[in-house]
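Take a look at the structure below.
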Amino acid sequence: MSSKMATLALLCTVSSLCYAADHENLSQPLPLREGWSLQSGCKIQAQGEAISTASFETKGWYSVTVPSTVLAAQVAAGTFPDPYYGDNLRKIPGTSYPVGTNFSNRPMSDDSPYRCSWWYRKQFVIPAADKGRTLWLRFGGINYRANVWVNGKRVADATQVAGAYRTYEFDVTSVAIPGKSNTVAVETFAPTERDLGINWVDWSQCPPDKDMGLWGAVDLVTSGPVSVRSPLVVTHLTEDDGGSADLTAYTELHNSSNQGAKGTAIAIVAGIRVKQEVELQPGEDKTVIFDPQHFPELHVKHPELWWPYQMGTPHLETMTAMFEEQGKISDEQSVRFGIREVTSELTNQDFRLFKINGKPILIRGAGWSQDMLLRPEPERLEQQFRLVKDMHLNTIRLEGKLETEHFFRLADEQGILVMLGWCCCDQWEHWDKWTQENHAISTASLRSQMLRLRHHASNLVWLNGSDNPPPADVEKAYLDVEAETHWPNPVLSSATQTPTTVTGKSGVKMSGPYDYVAPSYWLTDTNKYGGAYGFNTETSPGPAIPTLGGLKKFIPVGNFWPPDDVWSLHYGGEGFKKLTVYNEALAASYGRANDLEDYLRVSQAMAYTGERAMFEAYGRNKYTSTGVIQWMLNNAWPSMIWHLYDYYLDAGGGYYGTKKACEPVHVQYSYDDHSVYVVNSEYRAAGKLEAEATLYDLHMKQLFSQHASIDSAPDSSLKALTIPSEDFSNESPVYFVQLLLKNSSGAILSRNFYWVPSKPTAFDWSKTDYTHTPASSHEDFTALRQLPKAEIESSLQVESDGTWRVRLHNPSKALAFQVAVDTVDKKGMSVSPVTWSDNYIELVPGETRELSATPPAVAAEASVVVSGWNVASTTLRPHPRETAALQEPNQAR
C-alpha cells in the first residue's frame, strides 16, 4: 500500500478508462449497473453480514440502476412526483431548510428520512474464466460514507470510505467467487454540514438527501497480480511551429500479491512502442516513466496536434500501457490522448493568458452544472455539447460537479476546453473549521480526480479554490498531489484575484456582476470591476427568464402571473432569492410589464442584448481581455437565473445573443464610443472585407451610412469605422444601428442590429457590491412600445434532409422588431433542443431573411410560431410534401 494513502488506510486508485466505451483493457470491466435493490437502514433490522448474503430477502425494496442517488431512485420509482415541477421539491420529507439558504451548511432535520443510512444491494455472477485473477470492486463515487460488504465479509468501513469525490478499488479476490453468484451490499451515509460533500450553493435548490448514495459507476475489474492504472502522455512542443514534440508517458503499477514481481512495463504511445524492466515489492505502488531522454523515439517529428475546435482539429491518439511477467500480460489499459501543450502566463498587465500549442486563445465559456439529482443522461450530455458549439463557445467551467467520463470524452473529441476545480461556499472553503479527516479527504479526493482526469486533452486548468484561495498549508498539500500525479496543465490557486504566499498572483478576477447590468456596463468599466479586461472566471448580466414554452414545463398554469412563491422557488439562493434588481431595471428601461406575455417578450430582449454585449466587449478587447466565463451555461434544475439555455434545453434570447456575439467572423457596435469593430475568431485571415453601418432614428429615418474596407488578420479585433457622435443627437428617444459584413464576393458573413438609447445608463460605482453595480439612472427604451405594427410574410418549407426553413419578409414601412421563431408541440410546449441559424432578429422595411433548423424526430407533428415585438403571431405547420406551409394567423399582440 502506498504511503501516500496511509492516512486513510485505504487503497484508492482510479483508472479513467473503466467508465468510457472507447477504452480497452485485458479483461473488460463487468459493469454492475442494473438489478440493484435499495432500502432505508431504518427499515432494516439485519446487519451487513446478513444483507450481503444470497439468501437475504429484499421484498419491498426499491429497484434501482446505478449510478443513482437515493432520491433519484425514489423519483424514478414514482414515490415522489417530479420534484422540478412547481413546488413539489418542498413537499418531499426532509426538505425543511429555508428556501434559498445553503443546505450544505445545515444539518438535516431530525425527522429527515435521509438521516438514516441507506443500503444498496446487488447479486452478480463473475465469469468462471476469471478464476485465478485478481478481482477488484471499483466505485466511481460514493456520497459520502459507506460500509462495503461482499458475500458476508466487510471489505471496507465508513472510516475508510469517506469523501464524495474519491474513487475506490477494493481487492475482493479472497471473498468473491468466480463462476458463482456473489452479493455486494453497500451501506451509505449522507454528508453532514462538516463534510467535503457534493454541494449546491446559490445556483440551485438542494435535494433533501444531499445526493447521498452511489452516484458513480460500480464495476468488477480483473487483472493479474500487477495491475496497470491511469496511463498518461504529457506533451512538450520543442519548436514554436509545433514541428516536433517530446512525449513523456506515465503509468501506475500496483502489485497486489504477497510476493515480489519482476517484469516488463510496456507503453505504446501513438504507435511508438517502448519498454523497461520493473521490479515491485509485495503490495508496492510504483509510477513508471518513459521520457525522451531515455527513449529517444518519443521525440516526435511533425506530430498531428490536438486543437480546440475553433483553432484546428481535435485529433486524438491512443496510449496503451501494460505489464508483462513471465511472458504473460498481467494487465493493460488504454486511453485516448491529444498531442498538445497548454500553458499560461501573466501579461504585462498581470492578466492570465492561456495558450494552446503556443497560440493565444480568448477563453469564452460558461459555468456547467450537473442535474441536481446527479442522474446520468448521456444523450442529454451530447445535446448540450452541440448547444455549446452552436453558440461558438470554447470552454466549459466545472465548479465541483466533476462529471462523468462520457462528458470528458465528448470534450476531447469535440475540442471543447474544460476548467476544473473545487466548489465554494461550504466546508470545502471553511478551512478554519477543517478537521484532520477533512485534510486527509481533501488530498485523497484530489489525487483520485487527478489520476482519473489527467490524460484528457480537453483539460485547460485546475483551480485549487473557487471563491477563495486555500490557506498556505492546504495549497501546498494540493500542489504536492498535483506534482506527484504529474498533472500536465496549469494550476491556479482560485477563481479570484486574491494572491497567495505560495503561488502569488492568480491573474484572474471574480468581481461579478451576477445581477442585471445594462449592456453598456462591459465597456464602461475599464479598470476596477467586471468590465471587459483581464480574465473573469464567473460573471453574468443576471436573470434568464425562460420562454413561455419552457415556462410551461415547470410552472403550473395557475401560478403563471403574477410571479409568486412558486416562481421564487426557482430563482437562486443567498443573495439571489429575489429578482428585484432585474425587475426594477426592466420597468425603468422598457416600462412595467402588463402581463406574462409582455414580461417574457421584454425579458428575451434584455437577455439577448445583455449576453451579446458581454461577449462582444471581451471579444473587442482581446488580448487586454483574456477570458470570460458566463455564470452559468445551464441549470441543475429549472431556474429563472443564470443560464444560456434552460433546464429543458430550450434556447431563448440569451442563447442567441451569445451565438451572435461569438460567431467566427463578426461585426459589432461599441456602446462606449460608437465604433464598429470586426472580430475574427478564426486562426486564418478572413481576407478583404467590407463593413457597412447604417444609423436610423425611431421612425426608421436614415441618419448615417458608411462602408469601410478592411483586411481581417487571424485571431484579430480591428476597428472598421466610427459613427459620429453628433449623428446620435437628433432627439430620437431610441436609435437603431444595423451592421453588415461582406466578403469580397458580396456574401454576408455577419449581420447585427442594435437599439441604442439617447442617453446611456449611468452607473453608481460607489455602491457596487459582489452582485452588481446599480444604475443611478437607467437607459430609456419605453418608446419601443410605440413602434408601429409591421406586417410580416412568413412561410415554412421542410427539406428532404429534415431541415426546416422559415422565410420571413417585411413588406411594410415599419421595422419588425425582435422577431422570434419557436418550435412548439400540440400543447404549446417548446420542442427542444432546436437551434435556429439565427433568432430574435429585426427586419428593416423590405428586408427578407431565411432561418433554418433541424428539429429532433419528435417534432414531426410540431409547428413553428413566428412572433415579435410589433408583429402578429403566426403559426406555421410543416407539410413535407409541399414547398411551403400553411399560415394560421393568431390574434395580433
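The values are calculated or read from the model by the stated rules, or taken from the named source; none is laboratory data. Treat the numbers as computed from the prediction; the structure is a model and nothing was measured. Cβ: placed from backbone, ideal geometry, glycine included. Neighbour counts: every protein chain shown. Surface accessibility is based on the protein's heavy atoms, side chains included, excluding ligands, DNA and RNA. Shrake-Rupley method; radii C 1.70, N 1.55, O 1.52, S 1.80 Å.
See the values below:
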item	result
For segment 496-567, Kirkwood radius (reciprocal of mean inverse C-alpha pair distance, Å)	15.2
Axial C-alpha extent at least 27 Å, average Kyte-Doolittle at least 0.5 - helices from the chain (DSSP)	none
Distance from segment 550-573 to segment 692-736 (C-alpha centre basis), Å	40
Segment 734-838, Rg to Rh (Cα coordinates; Rh as Kirkwood inverse mean 1/r)	1.07
Estimated D of the chain in µm² per second, where Rh is the Kirkwood radius over Cα pairs and Stokes-Einstein applies at 4 °C, 1.567 mPa s	45
Helix-only [θ]222 nm of the chain, DSSP H runs n ≥ 4, -39500 (n - 2.57) each, per residue, nearest 500	-4000 deg cm²/dmol
Sequence-distant aspartates and glutamates (8 or more away, or on other chains) whose Cα lies within less than 20 Å of LYS59	GLU34, GLU49, GLU187
For segment 114-178, convex hull volume per residue from C-alpha positions, Å³	93
Cross-link table LYS701/LYS813; LYS553/LYS827; LYS359/LYS719, entries beyond 21 Å C-alpha to C-alpha	LYS359/LYS719
Proximal lysines relative to LYS505, as straight alpha-carbon distance under 20 Å, when same-chain residues fewer than 8 apart are discounted	LYS355, LYS476, LYS528
Contact order relative to length of segment 742-893, as percent, for alpha carbon pairs under 8 angstrom and 6 or more apart	21
Heavy atoms of ASP715 accessible to a 1.4 Å probe, total area in Å² rounded to 10	30
Highest to lowest packing among 42-51, 319-328, scored as the average C-beta count within 10 Å	319-328, 42-51
Peptide ranges 740-748, 703-711, 331-339 listed from the most packed, as the mean C-beta count within 10 angstrom indicates	331-339, 703-711, 740-748
Protection-proxy order for peptides 84-96, 831-843, each taking the mean of Cβ atoms within 10 Å per residue, highest first	831-843, 84-96
Segment 414-490 - Debye-derived log10 I(q)/I(0), Cα point model, q = 0.16 Å⁻¹	-0.58
Inter-part distance where segment 485-527 and segment 257-313 are each reduced to a Cα centre, Å	36
At q = 0.20, 0.24, 0.28, 0.33 Å⁻¹, base-10 log of I(q)/I(0) for segment 306-351 (Debye sum, equal scatterers on each alpha carbon)	-0.78, -0.88, -0.97, -1.09
Under 5 Å, built H, 5+ apart or other chain: amide partners of PHE704	LEU695
Partners for LYS328 among lysines (Cα-Cα distance below 17 Å; same-chain residues under 8 apart left out)	LYS131, LYS262, LYS275
J(HN,Hα) series, segment 325-334, from Karplus relation 6.51 cos²θ - 1.76 cosθ + 1.60, nearest Hz, glycine and proline x	9, 6, x, 10, 7, 6, 6, 8, 9, 10
P(r) of segment 723-782 over all Cα-Cα pairs, binned every 10 Å from zero, in whole percent	19, 31, 28, 18, 5, 0
Integer Hz, Karplus 6.51/-1.76/1.60 couplings in order for segment 137-147, x for Gly and Pro	9, 10, 10, x, x, 10, 10, 10, 10, 7, 9
